[in-house]
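Each reported figure results from applying straightforward, stated rules to the coordinates on display, with no laboratory input. Model, not experiment: these values are computed from the prediction. Here the Cβ positions follow ideal geometry from the backbone for every residue, glycine too, while neighbour counts run over all protein chains shown.
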Amino acid sequence: MSEEEHKLMQRIRYRHVEKIYTDLKELGYHDNDSLNVTDLIRLDQWHYLGTEPVDAAIELLGIREGARVLDVGAGIGGPSRYLAHKIKCHVTASELLPDNHRVGQDLTSRCGMTGSVKHVCGDIIMTELGNQEFDHVMSIQSILYVEDKPRLFRKLYDSLKPGGTVFFEVFCRLKDVENADEQAALDFFLLCTNTLPTHQDYRQLLEDAGFKVTVHDISTSYREYTYGRWANWDEHRDKYVRLYEEDMVDGWLKLTVTTKKLCNEFGLMGGGRFVAYKV
Ligand SMILES: C[S@@+](CC[C@H](N)C(=O)[O-])C[C@H]1O[C@@H](n2cnc3c(N)ncnc32)[C@H](O)[C@@H]1O
């Protein structure tokens with residue numbers, strides 16, 4: 001692995017990309033079997049609260065059959081496939097890491113969905129999005145990782161048709177860091193990303209790019225979700241070690257403990273949903 005690839009892999013938490021194949025085996029699928037998208041969507045959503053954020057995007061943006069949607073930071077394509085399957089729209093799934101992109105393409109193809117979900121690989125900042133190509137942009141727990149957010153939002157603005165809309169969900173900072181323990185937890189969570197913007201920071205960034213903005217604070221559900229997830233992994237650690245091996249489970253547990261602390265004990269981190277309108 002080159003130094004550049006190593007840096008990329010380090011930047012991103014969600015690098016246990018092959019885990020999906022273990023999960024599919026548990027459901028009785030063999031290598032290269034066709035997949036039922038309704039089985040897959042229980043396994044391929046790399047964010048909190050299952051498909052609920054995608055349903056929120058559909059409702060808040062009014063996404064309709066035939067719409068053209070860009071999914072920024074698509075992971076292995078879970079939200080893109082769910083959206084395309086449910087609404088019968090066309091989704092471009094943009095993903096930075098080649099491994100995630102490759103697995104996403106494989107899963108989309110095995111679901112027979114290559115006609116409605118198109119995968120593109122690369123940094124969203126460098127990806128050719130065109131002008132006035134999309135009706136909507138959706139992004140779930142990914143925008144945090146894009147360093148140059150002013151440039152990203154300008155680019156998304158240009159890529160939208162007049163009247164186009166954006167939905168994204170992201171982690172937000174709720175207060176200033178107060179001590180070394182909080183700083184250490186935040187640094188561990190953020191990895192190479194430097195900052196955790198507040199709800200107000202995101203609103204300002206979007207307005208600066210020309211959008212009209214509505215903000216939804218979902219910190220309470222992030223608090224409950226991170227607590228419940230930590231309790232589940234902790235209680236069932238042995239079962240998970242049998243399935244995924246010790247290294248992965250311990251790495252994952254460290255992350256779940258840290259997010260639980262950040263969202264609960266420290267009250268430093270929460271969540272936000274942002275709806276932005278191209279005016
Ligand atoms: C937490 S995952 C969420 C994936 C997906 N949105 C989901 O909810 O299933 C964040 C994803 O954003 C991708 N990502 C990070 N920076 C990116 C960038 N600059 N351009 C495109 N994708 C990026 C990561 O590689 C990772 O797959």
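At q = 0.09, 0.13, 0.17, 0.19 Å⁻¹, what is the base-10 log of I(q)/I(0) for the stretch 22-149 according to the Debye formula with one equal point scatterer per Cα and no solvent? Please give it to two decimals. Listed by q, the Debye log ratios stand at -0.23, -0.49, -0.85, -1.06. When the alpha carbon gyration tensor of the stretch 26-68 is reduced to an equivalent ellipsoid, the three semi-axes, largest first, read 26, 14, 7 Å. Positive end of the dipole of the chain (Cβ unit charges, origin at the Cα centre): among Leu61, Gly122, His16, the Cα lying farthest that way belongs to Leu61. One equal scatterer on each Cα of the stretch 168-225, no solvent, Debye formula: the resulting log10 I(q)/I(0) at q = 0.18, 0.22, 0.26, 0.28 Å⁻¹ is -0.75, -1.01, -1.19, -1.24. Only Cα sites of the chain enter the Debye sum here, all with the same form factor; the resulting log10 I(q)/I(0) across q = 0.09 1/Å is -0.41, listed in q order.
Can you give the relative contact order of the chain as a percent, counting alpha carbon pairs under 8 Å and 6+ residues apart? Answer for the chain is 18 percent.
Any chance you could tell me what percent of the C-alpha pair distances in the stretch 119-160 go past 15 Å? Before the final figure, lay out each step's value.
Values: 354 of 861 pairs.
Here the long-distance tail beyond 15 Å is 41 percent of all Cα pairs in the stretch 119-160.
Could you sort 158-170, 113-125, 233-245 so that the peptide with the highest average Cβ count within 10 Å comes first and the rest follow in order? Please list the in-between numbers first.
Details: 158-170: 20.3, 113-125: 17.5, 233-245: 13.2.
Highest to lowest by the protection proxy: 158-170, 113-125, 233-245.
Across the alpha-carbon set of the stretch 208-279, the Rg to Rh ratio works out to 1.19, Rh being the Kirkwood radius.
The spread of Cα positions in the stretch 72-118, taken along each principal axis and listed from longest to shortest, comes to 26, 21, 13 Å.
Working note: 222 nm ellipticity from helices only, DSSP H runs with n ≥ 4, each -39,500 (n - 2.57), summed and divided by the residues of the chain, gives -14000 deg cm²/dmol to the nearest 500. Hydrodynamic analysis of the stretch 142-279 uses the Kirkwood radius over alpha carbon pairs. Inserted into Stokes-Einstein at 37 °C and 0.692 mPa s, it gives a translational diffusion coefficient of 200 µm²/s.
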